[in-house]
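What follows is a short report on a single structure.
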Amino acid sequence: MSEKFKGILLLILTLLSATAIAQNYTRDAGIRFDGRFSGTYRQYNLDEEAIEGILFVGRRGFTLTVLKEYFQPALGHVSENLYLQYGFGAHAGFAFIDHYNTLYRTVHLDEYRFTPLLGLDGIIGIIYRFPEFPFELCVDFKPYFEFSTIQYFNLCLNSIGVSLKYKF
C-alpha cells in the first residue's frame, strides 16, 4: 500500500472519529485484507441485518461484491462484543489475465486477455465491536464460485480475510 494512500486513510479515519459521539451506528466502512486489499462499505437495515459492498481493484481488473449479511451475538460467555456474521451475495467485474489455475494445474495464455467475471459469494465470520471506540475487527471466510469467458468457472475456497472498519 502506498504511503500517500495510508496518509489519506489515516486522515479520513481521524476526521470521522472526531465526529463519533453517538453509539447508534447505521453504517461502517473500512478495509479488508485477504492477501490483497479491498475497500468495504456496509449499511445496516436493522441491528441484525445489513447490505455490504466490497470493491477490489488490482490484478489488472476490478470486482464489486454485494452481500446480504446477518448478525447474531456469539460466545457471550467470552465477550458481549463478539458477533457471528453470515450471508450471501454476488459479484461482477473484469480482469486481464495471462494464466489461470485449474485442478492443480496452471494454464498459461500467450498474452493478457480480457474476461468479464460474474459469481456467487458466501460469507461467515466473527466480529469484535469495540465498546469504547467506533471500530470493529472481523475475521471471515468468503468462498465464491465465479464464471468467466476464459476459465469458464472458478471455485475459491481459501478466501480468509481480516477487516478493520470504522462505524458511523
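The values are calculated or read from the model by the stated rules, or taken from the named source; none is laboratory data. These numbers were taken from a predicted model, which means no experiment stands behind them. We place every Cβ from the backbone using ideal geometry, glycine too, and count neighbours over all the protein chains shown.
Out of LEU117, LEU75, LEU84, one residue alone is among the hydrophobic types (A, V, I, L, M, F, W, C) and within 18 Å of LEU55 (Cα to Cα). It is LEU117.
Considering each residue of segment 58-68 in turn, none proves to be in contact with a strand residue (DSSP E or B) (Cβ under 6 Å, 6 or more places away or on another chain) and within 16 Å of LEU137 (Cα to Cα). Taking first residues from segment 104-120 that are in contact (Cβ under 8 Å) with a residue 40 or more places away in the chain and partners that are assigned to a strand (DSSP E or B) and of a type in the set (A, V, I, L, M, F, W, C), the Cβ contacts under 9 Å between residues at least 6 apart in sequence or on separate chains come to LEU109/ILE97; TYR112/PHE96; TYR112/ILE97; LEU117/ALA92; LEU117/PHE94; LEU117/ALA95; LEU117/PHE147.
Restricting the first member to segment 134-149 and to residues that are on the phi > 0 side of the Ramachandran plot, and the second to residues that are at pLDDT 95 or above, no beta-carbon pair is closer than 6 Å while six or more apart or on different chains. Residues in segment 43-83 that are in a strand (DSSP E or B) and either surrounded by 15 or more Cβ atoms within 10 Å (Cβ to Cβ) or of a type outside the set (S, T, N, Q) (or both): 26 in all. Restricted to segment 125-149, and to residues there that are exposed (fewer than 14 other Cβ atoms within 10 Å of the Cβ) and among the β-branched types (Val, Ile, Thr), the residue that is farthest from the chain's Cα centre (by Cα) is THR149. Evaluate the following for ASP121: is it in contact with a strand residue (DSSP E or B) (Cβ under 8 Å, 6 or more places away or on another chain), surrounded by 14 or more Cβ atoms within 10 Å (Cβ to Cβ), within 17 Å of ILE160 (Cα to Cα) and at pLDDT below 95? Answer is no for this residue. What do you reckon, is GLU69 free of Cβ contacts under 8 Å to residues at least 40 places away in the same chain and within 19 Å of the chain's Cα centre (by Cα)? Considered against the rule, which asks whether it is free of Cβ contacts under 8 Å to residues at least 40 places away in the same chain and within 19 Å of the chain's Cα centre (by Cα), GLU69 comes out as no.
In this structure, is THR106 modelled with pLDDT of 85 or more and loosely packed, with under 13 Cβ neighbours inside 10 Å?
The answer is yes for THR106.
The listed residues are GLY53, GLY7, GLY58, and the only one of them that is modelled with pLDDT under 90 and either touching a Leu at 6+ places or on another chain (Cβ under 7 Å) or under 30 Å from PHE147 (Cα atoms) (or both) turns out to be GLY58. Of all residues in segment 84-97, those that are closer than 18 Å to VAL162 by Cα and surrounded by 19 or more Cβ atoms within 10 Å (Cβ to Cβ) total 2. Out of the residues in segment 107-154 that are among the charged types (D, E, K, R) and assigned to a strand (DSSP E or B), state the one that is farthest from THR65 (Cα to Cα). Selected residue: ASP110.
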